[in-house]
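Trainee: Before we start, here is the structure in question, set down as structure tokens.
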Number of protein chains: 2
Amino acid sequence: MDINKLLKPNKIAIIGVSEKEGFGGDTCRNVLEYMNEDSYYFINPKREVAFGKKCYNSLVELPENIDLVVICTPQHTVEQLIKEAAAKGAKAAVVYASGYSEVGTKEGKEAEESLINLCEEQDIALMGPNCAGYVNFINNISPFAFISEERNRKGSVGVVSQSGQLVLSMMDSPKTKFSYAISAGNSSICKMENYLEYLVEDEYTKVIAMYIEGVKDADLFTRVLKKAAIKRKPIVVLKTGRSEKAQEIAASHTGSLSGADKVYDALFEKFGVIRVDDLEELMSTSLALATMKKIPENNNFASMNLSGGETGICADLGELNGINFVDFAPETLKKLDELLPGYATPNNPLDMTATLSYDVEKFAQALDTVMSDPSVGIVAIGYTLLQDIADPAIYYMSEGIERVTAQKNSKPVVMIPFTENTRNSEYSEKLEKAGVPVLPTSNYAFKVLKNIADFVGYDAAKHNIEVEIPNPSKGEGSVLSESESKEMLKEYGMPFPDCKIAKSEEDAIEAAKEIDFPIVAKIDSPDILHKSDTGCVKLNLNAENEVKEAFNEIMNNAQKHYPNARINGVQINNMVASGTEMIIGVNNDPQFGPCVLCGLGGVFVEVFKDTSLCLAPVSRDEAYKMVNSLKGVKLLRGYRGNKPADIDAYVEAIVNVSRFACDHKDELKELDINPIFVYENNVCVVDALVVKK
Amino acid sequence: MDINKLLKPNKIAIIGVSEKEGFGGDTCRNVLEYMNEDSYYFINPKREVAFGKKCYNSLVELPENIDLVVICTPQHTVEQLIKEAAAKGAKAAVVYASGYSEVGTKEGKEAEESLINLCEEQDIALMGPNCAGYVNFINNISPFAFISEERNRKGSVGVVSQSGQLVLSMMDSPKTKFSYAISAGNSSICKMENYLEYLVEDEYTKVIAMYIEGVKDADLFTRVLKKAAIKRKPIVVLKTGRSEKAQEIAASHTGSLSGADKVYDALFEKFGVIRVDDLEELMSTSLALATMKKIPENNNFASMNLSGGETGICADLGELNGINFVDFAPETLKKLDELLPGYATPNNPLDMTATLSYDVEKFAQALDTVMSDPSVGIVAIGYTLLQDIADPAIYYMSEGIERVTAQKNSKPVVMIPFTENTRNSEYSEKLEKAGVPVLPTSNYAFKVLKNIADFVGYDAAKHNIEVEIPNPSKGEGSVLSESESKEMLKEYGMPFPDCKIAKSEEDAIEAAKEIDFPIVAKIDSPDILHKSDTGCVKLNLNAENEVKEAFNEIMNNAQKHYPNARINGVQINNMVASGTEMIIGVNNDPQFGPCVLCGLGGVFVEVFKDTSLCLAPVSRDEAYKMVNSLKGVKLLRGYRGNKPADIDAYVEAIVNVSRFACDHKDELKELDINPIFVYENNVCVVDALVVKK
């Protein structure tokens, strides 16, 4: 399969041309509008011409071979047409028709299976079915089923989407310019992951904007994300499925398996992918990254505005969105003080006053001063560029901006408007040429700034940019007993209290003497999960007779409550002092493999949901980041005069659990370490449960 | 002072007319553009005409009396001109000049004081100084210093702003239509609060949009908010100052006292005021409320979209923003199933498929079906209305919308676009006429929906819509001892453990016998705050000799650590069982009076900041709302098999603390009850500290 024949064909044939509204007609309109006349053929046996261009009866009649066939006709015609196209040399097809696996019926699935077989047999790179086609803006190729406003869209944002409608919506975004816009549809042959790889490698594509509902090929997807992370090519993703409702919709929409949404958050964090919440944030983040002449050197912002009100808004939104407005250096403040009117107070965010916006020279000096501050990485100018220019400030400001951004050491600048308005195209283009993106209004703009800051702050070297994809499970699921679970974990350096399994009273007393009092006795059985609630745990045993009594009670209770349980005996554990109660968990995601969780135990995880996730393998840096992102980390750092807990040892334990999980990725389902006590100088696992697939 | 002479004058005079850019020239342009020719006079001794209109030499020369003088000239000319205007019958003035209290200098403050005295003497309703004037769109009066895009702006949103630049930015918002737009400036005579009152009473103003940095007249402000709450006239407020940086900026901008920001949140919640984060949210929330033909009957939303992708985005954003997409009734689902193509699954949010958007009849039926669902209060249609129509769907949809919204029982409808674009004006006006606001893109749109939902859900009857504004403090600040604090609170029904103050060993033993063991002994002194850390508390005393020993140790420790402390003796308390550890606090805000706080004690308040605030007087409903808004409320409701705690008694305690705080508003600075134990059937205060002003 050669994806180049699909996305960069020399000759294409459109089947089902029409002058009406709809897929066929709109594809023709797009092709006529953007493509070179001799790069495509129209085919419709019922017409001689369409839009003044000759229509052939069938593919056979074409005077030459083609690379790509674009099929606008219904499902039942598709396979025959693909065969004809293959005979005519085609190595690629775009199929709009729906009625395949996405409808969820047996017939639909079979139709898709059959189409896949045919394309594999004929070595056809298929886009779709159930897609809206694509546009290659670099080479002017536009087999695309929807019509958008007419404008020049050639640029450097590459789009891949699992929804055709959303490709259109992205193209409707009035300022973004594209290299490719691809509607992946059902991804039967060419998958979303293939398009992504193509765009990561494409030299014209500076930023990739994706809409996805789920991932089919987790291995290829993560390999491509890794490639992008190393190249530092930004990928911005809108993935629905945070809510259960959205997950249901995705399932019925493109039949995507949309997995646990939080795992995607962990995946994206690992590879430095920017995740956004809606289409406008997707487009404006991509636009900003594509327009800036270089990636900022650091993620400290400076903000300049024309009024105190707007400056205050920026200060608040900055804090709300986690933007760092760095303190200006004394030198910067001094220069600004000289430039600004007497009543103004230099600060960051800066109210430079409206006066400066009517003075090119002074405005340019102020911008240059702010930009030259050594701590500043990006400058955000607050100004509402309107569609119809009513106030002349933009004349002066844009000239000042052009002047300053033309300097060799210029840093990235963005413009933040305060009310929604399609910006004046003359000025927004002028600014774009100067590398200054005009962002959407402030709430979005600050999300975009945060996205840029996160991208700038991401360092692939601090992440283990791999995942451990498990093989499909064949097992039927089984739970290990506590002692079996511990045995597995001990090999990975996890510390446990001294423990022996006692099969009899005598065993128990012997074990207790060896281990030393105080003792905790617990049933050991893979079939008894709620040990405490059923009297199968006895704490704080301080004498032989207590141990003996406990042994008998536990065995009796176990037999009473779980008559059919397999019982290994009673664990005789040394009862350790209590430390800060933490947890470590693993959930083995069927697509992306083991995902490690950490957090404080008890109510903190259950009521406050204060946990942090990372896909395995977890690097030491990643583990520190996990722990530091907990709200409750303050409790570990030495709260109210307590001594700090041993965060290093806890991090070590997280990394060890990750190693364990990677080594057992094919048989592990879940691991639950709850609690692990963190002390001043070490940690100790008090309970652990391994569940196998 | 008659604010009507300021905002609805019959005749006005502009002083300092000019044809240049700047305040004078731009005011003339606005006046010429919008005002009736014989309603204003131009004055400039250096010109005969400006813009073809006669200029008078001075106010004296005018052929008739005026109501309002608009002074565009610098500060030093202002007082003389006001005197001349008063002589000419003027009862109102707009003063743009700056250089008054906002600059923070002694001269500036004195200049403002002098201006205030003059205006009071002459009974002049003054707008400003340091303002940008106003526009009365209802009567076409426009003494306003900035120029915006030309368009018809007459509508029903009333604007008051403490920043002139932001009034302009609001007018730049391309879809909103206004009744008044007022730049309050320094609010020396006519205050922001007066303008707000005017707009609350104004029949043409349906919604009020405000930008404020702080409040000068808390009493008038809250009285007006109360009036609006009772009338159910929506007030939407953008108040900066969430961040410290914004508070500094506000202080240097209009010299506003911007108080504790969280108190404003509590204030706005009490009176049902909608608080927003930026200008676009301010304008679009106001636009939505002004455009809808009626306030929705309930805050359940239905969402209808043209694609699965957009439907998924709406589902996620709905969850993120706390929007309730109600489950459709079986009848609704059945009807939709009949209307929709076979592959679509009816649900809320609904993917109605693009097919329906090309079919007026079916689209109207689908909208009508969704709207008729008895649970639905508002319908949100997801569709990106572009500036240049490329796709005909909007033809069909707008006709369908018009048809359905014209029905008698129609419910409010809003439209949600997915990418930023100044919407096609023909269609946005059509939709507006049908009562359908076109919102900004989805992230904003869902904030607007949440704002509407909150406004619809607000019930003034469930709030005590008063505040208790304290008189300015004369005291020097003093701390009460624990027993003194308790004495004050006991009168308000707060339950404490049995307690006696012992001055001697014998007293202590006697008290312990009366009270019953176990005993807690604590020092009682207004000067010893850190009792536990200095050995001034002894817990769990179970015998007379232990009490005796504790008494002596405590007295010794107190004398050792606090040699100068005033000591009342040692409190002998019954040691109560521990319950769920909660807190109740009061902070007496200098502007808005006592603000009551509740939350879980210990790490929950200190690390997780899980608290809730309400301005006193706190009603029972408000107290329940406070408690229910805590994340940790789960711990009270019976966590992991524990019995539920007595939330009623805790609520009672909150209300009692509020009563106490109101009665002592003039002398109370802070109250800190920490902890109050909540048991299964009652509560008990274990420690309390009153700090007086």
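Trainee: With no solvent and one point on each alpha carbon, what is the Debye value of log10 I(q)/I(0) for the stretch B:154-193 at q = 0.19, 0.24, 0.27 Å⁻¹?
Mentor: Calculated log10 I(q)/I(0) at the listed q: -0.52, -0.76, -0.88.
Trainee: Another question about this same structure. Assuming R0 = 51 Å, what is the FRET efficiency of B:LEU529 and B:SER425, from their Cβ-Cβ distance, to the nearest 0.05? Please list the in-between numbers first.
Mentor: Numbers: r = 65 Å, r/R0 = 1.28.
That gives a FRET efficiency of 0.20.
Trainee: State, to one decimal in nm and shortest first, how far the label point of A:ASP327 sits from each corresponding label point in the other identical copies (label point: 7 angstrom along Cα-to-Cβ).
Mentor: Reported distances to equivalent positions: 5.6 nm.
Trainee: Could you give the length gained on full extension between A:TYR395 and A:THR77, defined as 0.36 nm per residue of separation minus the Cα-Cα distance, in nm?
Mentor: On the way: separation 318, 0.36 × 318 = 114.48 nm, distance 5.79 nm.
This chain segment gains 108.7 nm when fully extended.
Trainee: Inside 10 Å of the C-beta atoms of A:416-427, what's the mean count of C-beta atoms belonging to other chains? Write down the numbers at each step before the final one.
Mentor: Working: counts 1, 5, 11, 16, 17, 9, 7, 2, 0, 0, 0, 0.
That works out to 6 on average.
Trainee: In square angstrom and rounded to 100, what buried accessible area do you get between chains A and B, total over both, with the probe at 1.4 Å?
Mentor: 6900
Trainee: If you don't mind, another one. For B:LEU386, enumerate residues with amide H under 5 Å from its amide H, sequence gap 5+ or separate chain, H modeled in the peptide plane.
Mentor: Residues meeting the amide H criterion: B:ASN424.
Trainee: Among the residues of the stretch A:620-669, which ones have their accessible area go down by 40 Å² or more when all the protein chains sit together, as opposed to their chain alone (1.4 Å probe)?
Mentor: Checking the loss per residue gives A:LYS631, A:LYS634, A:TYR639.
Trainee: Something else now. Once each part is reduced to its C-alpha centroid, what is the distance from the stretch A:6-77 to the stretch A:420-476 in angstrom?
Mentor: 37
Trainee: Using modelled amide H (1.01 Å from N, peptide plane; none on Pro or chain starts), what sits under 5 Å from the amide H of A:SER307, excluding residues fewer than 5 places away?
Mentor: A:MET352, A:THR353
Trainee: Using the 7 Å Cα-to-Cβ label point, sort the distances from A:ASP527 to its equivalents in the other copies shortest first and give them in nm to one decimal.
Mentor: So the distances to the same position in the other copies read 7.2 nm.
Trainee: Give me the residues in the stretch A:277-308 whose solvent-accessible area, probe 1.4 Å, is reduced by at least 20 Å² once all protein chains are included instead of the chain isolated.
Mentor: With the partner chains in place, the stretch A:277-308 has these residues losing at least 20 Å²: A:ASP277, A:ASP278, A:LEU279, A:GLU280, A:SER307, A:GLY308.
Trainee: How much accessible area per residue does the stretch A:580-692 have, in Å², with a 1.4 Å probe? Write down the numbers at each step before the final one.
Mentor: Values: 4230 Å² over 113 residues.
Per-residue accessible area for the stretch A:580-692 comes out at 37 Å².
Trainee: At 1.4 Å probe radius, can you tell me the per residue accessible area of the stretch B:316-434 in Å²? Working shown, then result.
Mentor: Details: 4680 Å² over 119 residues.
For the stretch B:316-434, the solvent-accessible area averages 39 Å² per residue.
Trainee: Also: Using a 1.4 Å probe, what is the accessible area per residue for the stretch B:503-568, in Å²?
Mentor: Numbers: 3640 Å² over 66 residues.
Accessible area per residue, the stretch B:503-568: 55 Å².
Trainee: Kindly flag which residue pairs out of A:LYS11/A:LYS154; A:LYS175/B:LYS175; A:LYS262/A:LYS433; A:LYS609/B:LYS411; A:LYS177/A:LYS233 have an alpha-carbon separation exceeding 28 Å in this structure.
Mentor: On the way: A:LYS11/A:LYS154 21 Å; A:LYS175/B:LYS175 20 Å; A:LYS262/A:LYS433 39 Å; A:LYS609/B:LYS411 38 Å; A:LYS177/A:LYS233 17 Å.
Too far apart for the 28 Å limit: A:LYS262/A:LYS433; A:LYS609/B:LYS411.
Trainee: Only bridges whose two residues both fall in the protein assembly as shown count here: according to DSSP, what percent of them are antiparallel, nearest 5?
Mentor: On the way: 100 of 200 bridges.
Bridges in the protein assembly as shown are about 50 percent antiparallel.
Trainee: Which of rounded, prolate or oblate describes the stretch B:131-248 when judged by the alpha-carbon gyration tensor and an a/c cut-off of 1.5? Intermediate values should be presented prior to the final figure.
Mentor: Details: a/c = 1.61, a/b = 1.17, b/c = 1.38.
Note, shape of the stretch B:131-248 comes out oblate.
Trainee: For chains A and B related by rotation, which residue of A has the Cβ nearest the axis, and what is the rounded distance in Å?
Mentor: Nearest Cβ to that rotation axis, in whole Å: A:THR422, 2.
Trainee: While we're on this one: Averaged over A:441-453, how many beta carbons belonging to a partner chain fall within 10 Å of each residue's beta carbon? Don't jump to the answer; show the numbers that get you there.
Mentor: On the way: counts 12, 5, 11, 7, 2, 2, 1, 0, 0, 0, 0, 0, 0.
Per residue, the number of nearby Cβ atoms from other chains is 3 on average.
Trainee: Does the protein assembly as shown classify as rounded, prolate or oblate by the C-alpha gyration tensor (a ≥ b ≥ c root eigenvalues; a/c under 1.5 gives rounded; else a/b over b/c gives prolate, otherwise oblate)? Intermediate results must be reported in sequence, preceding the final value.
Mentor: On the way: a/c = 1.99, a/b = 1.06, b/c = 1.88.
Note, shape of the protein assembly as shown comes out oblate.
Trainee: Right, another one. For A:LYS362, give me every one of the lysines with a C-alpha distance below 18 angstrom, ignoring sequence neighbours fewer than eight places off in its own chain.
Mentor: Reachable lysines: A:LYS334, A:LYS335.
Trainee: With labels modelled as points extended 7 Å from the Cα through the Cβ direction, what inter-label distance (nm, one decimal) is found for A:ILE230 paired with B:ASP666?
Mentor: Roughly 7.7 nm, to one decimal.
Trainee: Now a separate question. Apply 1/(1 + (r/R0)^6) to the Cβ-Cβ distance of B:LYS474 and A:LYS106, taking R0 = 60 Å, and write down the FRET efficiency to the nearest 0.05. All intermediate terms of the calculation are to be shown ahead of the outcome.
Mentor: Numbers: r = 85 Å, r/R0 = 1.41.
Once rounded, the FRET efficiency stands at 0.10.
Trainee: Between A:LYS433 and A:ARG223, what is the spin-label point distance in nm, taking each point 7 Å from the Cα along the Cα→C-beta axis?
Mentor: 4.4
Trainee: How big is D, in µm² s⁻¹, for the stretch B:558-625 by Stokes-Einstein at 20 °C and 1.002 mPa s if Rh is the Kirkwood radius over C-alpha pairs? Don't skip to the answer; put the middle values down first.
Mentor: Working: Rh = 15.2 Å.
Diffusion coefficient, whole number: 141 µm²/s.
Trainee: So, by mean Cβ neighbours within 10 angstrom, what's the order for A:557-563, A:304-310, B:296-302 with the highest one leading? Before the final figure, lay out the partial values.
Mentor: On the way: A:557-563: 15.0, A:304-310: 27.0, B:296-302: 19.6.
The packing order, highest mean first, is A:304-310, B:296-302, A:557-563.
Trainee: I want the antiparallel fraction of DSSP beta bridges within the stretch B:1-58, as a percent rounded to 5.
Mentor: Values: 2 of 8 bridges.
Among the beta bridges of the stretch B:1-58, antiparallel pairing accounts for roughly 25 percent.
Trainee: Report, for B:LYS430, each distance to the same residue's label point in the other copies, shortest first and in nm; define the point 7 Å along Cα→Cβ.
Mentor: Its label point is 3.5 nm from the equivalent points in the other copies.
Trainee: Quick one, what does Rg over Rh come out to for the stretch B:3-240 if you take C-alpha atoms and the Kirkwood Rh? Mind showing how you got there, number by number?
Mentor: On the way: Rg = 16.9 Å, Rh = 17.8 Å.
Rg/Rh: 0.95.
Trainee: Can you tell me what the convex hull of the Cα atoms of the stretch B:416-465 projects to on average, as an area in nm²? Before the final figure, lay out each step's value.
Mentor: Details: hull surface 18.6 nm².
The Cα convex hull of the stretch B:416-465, projected and averaged over all directions, gives 4.7 nm².
Trainee: Looking at the square roots a ≥ b ≥ c of the eigenvalues of the Cα gyration tensor of the stretch B:301-458, which shape do they give, rounded for a/c under 1.5, prolate if a/b is larger than b/c, or oblate?
Mentor: Numbers: a/c = 1.28, a/b = 1.05, b/c = 1.23.
Judged from the Cα gyration tensor, the stretch B:301-458 comes out rounded (a/c under 1.5).
Trainee: Right, next: Which of A:LYS531/B:LYS625; A:LYS191/A:LYS226; A:LYS206/A:LYS447; B:LYS91/B:LYS216 have a Cα-Cα distance over 27 Å?
Mentor: Working: A:LYS531/B:LYS625 38 Å; A:LYS191/A:LYS226 18 Å; A:LYS206/A:LYS447 20 Å; B:LYS91/B:LYS216 23 Å.
Over 27 Å Cα-Cα: A:LYS531/B:LYS625.
Trainee: Over what distance in Å are the Cα centres of the stretch A:299-346 and the stretch A:230-246 separated?
Mentor: With the stretch A:299-346 and the stretch A:230-246 each reduced to a Cα centre, they are spaced 32 Å.
Trainee: Can I ask one more? At 1.4 Å probe size, with the rest of the protein present, what percent of the exposed accessible area of the protein assembly as shown is carbon and sulfur atoms?
Mentor: Exposed carbon and sulfur together represent 46 percent of the surface.
Trainee: Along its principal axes, what span do the Cα atoms of chain A show, with the longest given first and each in whole Å?
Mentor: 100, 79, 34
Trainee: Next question, about the same structure. Can you check how the C-alpha radius of gyration of the stretch B:500-563 compares to 2.2 N^0.38 Å, as a plain ratio? Don't jump to the answer; show the numbers that get you there.
Mentor: Numbers: Rg = 11.0 Å, N = 64, 2.2 N^0.38 = 10.7 Å.
This ratio for the stretch B:500-563 stands at 1.03.
Trainee: Please work out the C-alpha center-to-center distance from the stretch A:500-515 to the stretch B:517-534 and express it in whole Å.
Mentor: Between the Cα centre of the stretch A:500-515 and that of the stretch B:517-534, the gap is 48 Å.
Trainee: Moving to a separate point now. So for each of B:645-658, A:94-107, A:463-476 I average, over its residues, the number of other beta carbons within 10 Å; can you give me the resulting order with the highest mean first? Don't skip to the end; give the middle numbers.
Mentor: Numbers: B:645-658: 22.1, A:94-107: 19.9, A:463-476: 15.9.
Result, highest mean first: B:645-658, A:94-107, A:463-476.
The values are calculated or read from the model by the stated rules, or taken from the named source; none is laboratory data. Small disclaimer: the values here were computed from a predicted structure and weren't measured. A quick note on method: Cβ atoms are made from the backbone with ideal geometry, for glycine too, and the neighbour counts reach across all protein chains shown. When the accessible area is computed, the model is the full protein with side chains, heavy atoms only, and any ligands, DNA or RNA have been set aside. Shrake-Rupley method; radii C 1.70, N 1.55, O 1.52, S 1.80 Å.
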